[in-house]
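Here the structure comes first, spelled out in structure tokens, and everything after it is commentary.
The values are calculated or read from the model by the stated rules, or taken from the named source; none is laboratory data. The shown structure was predicted, so the numbers you read here are calculated from the model rather than taken from an experiment. Cβ coordinates were reconstructed from backbone atoms using ideal geometry, including for glycine residues, and neighbour counts include every protein chain displayed. All accessible areas refer to the heavy atoms of the entire protein, side chains included, with ligands and DNA or RNA removed. Shrake-Rupley method; radii C 1.70, N 1.55, O 1.52, S 1.80 Å.
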Amino acid sequence: MSRILVAEDDPHILRLISLWLTRQGHTVVEARNGIAARELAQAEPVDVLVCDVNMPGLDGLSLIEALRSTAHVRRGVVVLTNRWDHGDLRDRLAAEGIQVLPKPFSPTRLSEVVAALLAAVSVEPGGREPGAT
Amino acid sequence: MSSSIAPTNGGRLFGDLLRGLSGPSGPESRSLGLVGPGVHPPQPPEHCLRLCLGGSVDAIPRRGCALLAGAARGEIPADALRNGRCPAGCAVAARSVRVNGEPAVLLTVNGELPGPAVAGADLLGQLDRAQELVQRVDELLAENAGFANEVLQNYEQLNLIFDLTREIAQITESRAIERLLMQRLARLLVGHGAGVCSAEGEWRAAVADESAAVAPAALEAIVAQVKAQRQVQVGTAGNAAVIAGPLARLDGRVDVACVLRAPGAAPFGAGDMLLLESLLTFGGQILSNNTLHERLRQMSLEVVRALVAAIDKKDHYTSGHSERGGFLTRLTAQELGCSPAEQQTMEWAGLLHDVGKIGVPEEILCKPGKLTPEEFEVIKQHPRMGYEILRPIASFELVLDGVLYHHEYPDGTGYPAGLRGDAIPLVARIIHVVDTFDALTSTRSYRQAYPIERALEVIRAEMGTRIDPEAAEAFFRAFERYRREQPEDFHVRFGALRGGTVEASP
Ligand SMILES: [Fe+2]
């Protein structure tokens, strides 16, 4: 079963994403800010991190930075962002292999992206680089 | 809409609720549980979990008693409703509830072995209170899921509308716009079929799922209704739900957009009607603007044709020169990756580049034999004259650039401005290559036409001096591609030229 960490400071959106992904059969761990998300991932690794960009304390990009190159996020990251800063950020993050979805997120697209991340490359336990598949 | 959620993981919430009700004050061995097909994960009484299930709810089908296993399927034994004993001998009482739309069993167990067979009145009272609370929480969860579904559906629709507005802006062909609009509408409205019934009665299908294959005849009634009332209508066609609305056209007539759901699917509602109406207003506006634009384009084209006819009439011995110039300029522009709009404008520039010859006296223009230096000076005025003729009417800078500078050479020896290299606009450099090719492959009073391959060689030899290399290379590629990919068209256009049908004759 896949474990997905959702970091989002808007409680309603957090619930929505959580409900939606749970409905897709994933186990969802909810975090209301970046610091909580970092601690949750460090306590028990997750397969996918879905995170907001603007969060108090530790923002989404710093959170990704903090969890990068560790085994805490095994399959990949989806960043939710505002439409208006979509273009720039998408290019920057896409270069690092991070998926970007504009808000309000399309539920279908979110589940597609998450499913693709889970299906695409399997990372060996211990967080080594994905094999060439 | 595919985005819908059902209350789920409610199981844990019910578990917390029941533990709270059992409370630390109650007898340790007595506990409440809730199991059933709609409870995920199942919440058997703590007592059963500890004594019979070895601590794991996954053990219910294997190690659980018949009572618990039956309850997990939503079944409740008649004698347990009031009070009874479980196979292990504990006193048990149960109530039937509904969780997540499925039958579930709420039960309480008194495990004080060898205790009284009868669950006490306090236990039954607690069970009744729990039943009420479980039912209320279930309603709230269902409500919550309903609201969440509504929001998720709106998110999905917002995204589809956003994508639609962005995609539609990139299309210029009316039918393609209409098709995209209908396809997106079908997705937004969870339709299985979609199409437009034109004011003239033509049915244009945009989405045709087999399950919603509908005879246009079945739509006649609703189409007539929409035409009469000019607003969105819902109804049925055969046994499929259908929603239809007006797409107002520029000529005041109405095309009718229809979206159908497969037989058996839910009928369209008020939200669907609102959505369809607003998107058809938007789509109709775009389509009307596009028609207007197409009409203007057509008018411009007619003006261009009239001017081209005037040039050809004047300079009859280069008949077809303008047409070939336009065609080859477009081909080269396409090769260079120019946008469709740029290609169009460049084609016009290619067609019109010699329009200034209208202002050159006929005895000079059509003089057989060599021109005197004075006469040549007059000829050299034609780019400037063309520019003057077109300036008041040509709204496209590219056309003016092409006309004014098509006799400039990269080495700076051209006219009228003596521009060099990249200072010469690309459109003018392309036209110059095309113009040179056409001149070389035409018979003049003083020489025979060159075969195609020879003309290409001459152009290649002048690259960098009188011919721009970038434009020339693109022209070579475009010309070869045309010859290779459309041999029949090529033959029609250039077959009359020597070498036109033979591959690379030296
Ligand atoms: Fe010319």
Residue list for region A:1-55, restricted to those being more than 22 Å from A:L93 (Cβ to Cβ), touching a Leu at 6+ places or on another chain (Cβ under 8 Å) and among the small types (G, A, S): none
Search result, residues across region B:324-360 that are farther than 15 Å from B:L398 by Cβ and within 16 Å of the ligand (Cβ to nearest atom): B:R324, B:L328, B:D354, B:G356, B:K357, B:I358, B:G359, B:V360
Count of region B:312-322 residues which are surrounded by 16 or more Cβ atoms within 10 Å (Cβ to Cβ) and part of a helix (DSSP H, G or I): 5
Among the residues listed as A:L19, A:L14, the single one being under 20 Å from A:L118 (Cα atoms), within 14 Å of chain B (Cβ to nearest Cβ) and either open to solvent by 20 Å² or more (accessible area, probe 1.4 Å) or not small (G, A, S) (or both): A:L19
Number of the exception - B:E363 against (1) away from the ligand (no atom under 16 Å from the Cβ); (2) in contact (Cβ under 8 Å) with a residue 12 or more places away in the chain: (2)
Members of region B:418-433 found to be away from the ligand (no atom under 11 Å from the Cβ) and either in contact (Cβ under 8 Å) with a residue 60 or more places away in the chain or within 14 Å of chain A (Cβ to nearest Cβ) (or both), listed by number: B:L426, B:V427, B:I430, B:V433
Evaluation of A:A115 against (1) modelled with pLDDT of 85 or more; (2) at positive phi (one fails), failing number: (2)
Residue match in region B:53-72 (condition: open to solvent by less than 30 Å² (accessible area, probe 1.4 Å), in a loop (DSSP other than H, G, I, E, B) and either within 14 Å of chain A (Cβ to nearest Cβ) or at pLDDT 80 or above (or both)): yes
Where B:L331 falls short, out of the listed (1) touching a helix residue (DSSP H, G or I) at 6+ places or on another chain (Cβ under 6 Å); (2) assigned to a loop (DSSP other than H, G, I, E, B): (2)
Residues satisfying the stated conditions in region B:382-397, i.e. open to solvent by less than 50 Å² (accessible area, probe 1.4 Å) and more than 13 Å from the ligand (Cβ to nearest atom): B:L390, B:A394
Residue match in region B:432-448 (condition: open to solvent by 10 Å² or more (accessible area, probe 1.4 Å), in the same structural domain as B:P368 (by TED's automatic domain parsing) and among the aliphatic types (A, V, I, L, M)): yes
Flag for B:A309 being away from the ligand (no atom under 16 Å from the Cβ) and crowded, with 19+ Cβ neighbours inside 10 Å: no
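For region B:435-494, which fully contained helices (runs of 4 or more DSSP H) count at least 1 residues that are within 23 Å of B:L371 (Cα to Cα)? I'd like the intermediate steps shown before the answer.
Values: elements: B:452-461, B:469-485, B:487-494.
By residue number, B:452-461.
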Output for region B:35-47, where each listed residue is touching a helix residue (DSSP H, G or I) at 6+ places or on another chain (Cβ under 6 Å) and open to solvent by 20 Å² or more (accessible area, probe 1.4 Å): B:H40, B:P41, B:P42, B:Q43
Long-range neighbours under 7 Å by Cβ, at least six apart or interchain, first residue over 13 Å from B:R429 (Cβ atoms) within region B:452-469, second among the small types (G, A, S) and assigned to a loop (DSSP other than H, G, I, E, B): B:I452/B:G499; B:I452/B:G500; B:E453/B:G499; B:E453/B:A504; B:E453/B:S505
Of residues in region B:281-306 being touching a residue at least 60 places away in the same chain (Cβ under 8 Å) and either outside any helix (DSSP H, G or I) or within 19 Å of the chain's Cα centre (by Cα) (or both), the one surrounded by the most Cβ atoms within 10 Å (Cβ to Cβ): B:G283
Answer residue from region B:176-189, given it is open to solvent by less than 60 Å² (accessible area, probe 1.4 Å) and within 14 Å of another protein chain (Cβ to nearest Cβ) and is nearest to B:G283 (Cα to Cα) among those: B:R184
Counted residues, region B:119-175 - those being within 12 Å of chain A (Cβ to nearest Cβ), crowded, with 17+ Cβ neighbours inside 10 Å and of a type in the set (D, E, K, R): 1
Qualifying strands (runs of 3 or more DSSP E) (wholly inside region B:158-271; at least 3 residues being in contact (Cβ under 8 Å) with a residue 24 or more places away in the chain): B:193-197, B:203-208, B:240-248, B:254-260
Tabulated pairs, region A:105-117, first facing chain B (nearest Cβ under 9 Å), second part of a loop (DSSP other than H, G, I, E, B) and open to solvent by less than 20 Å² (accessible area, probe 1.4 Å), C-beta under 9 angstrom, 6+ apart or interchain: A:S106/B:S3; A:P107/B:S3; A:P107/B:I5; A:T108/B:S3; A:S111/B:S3
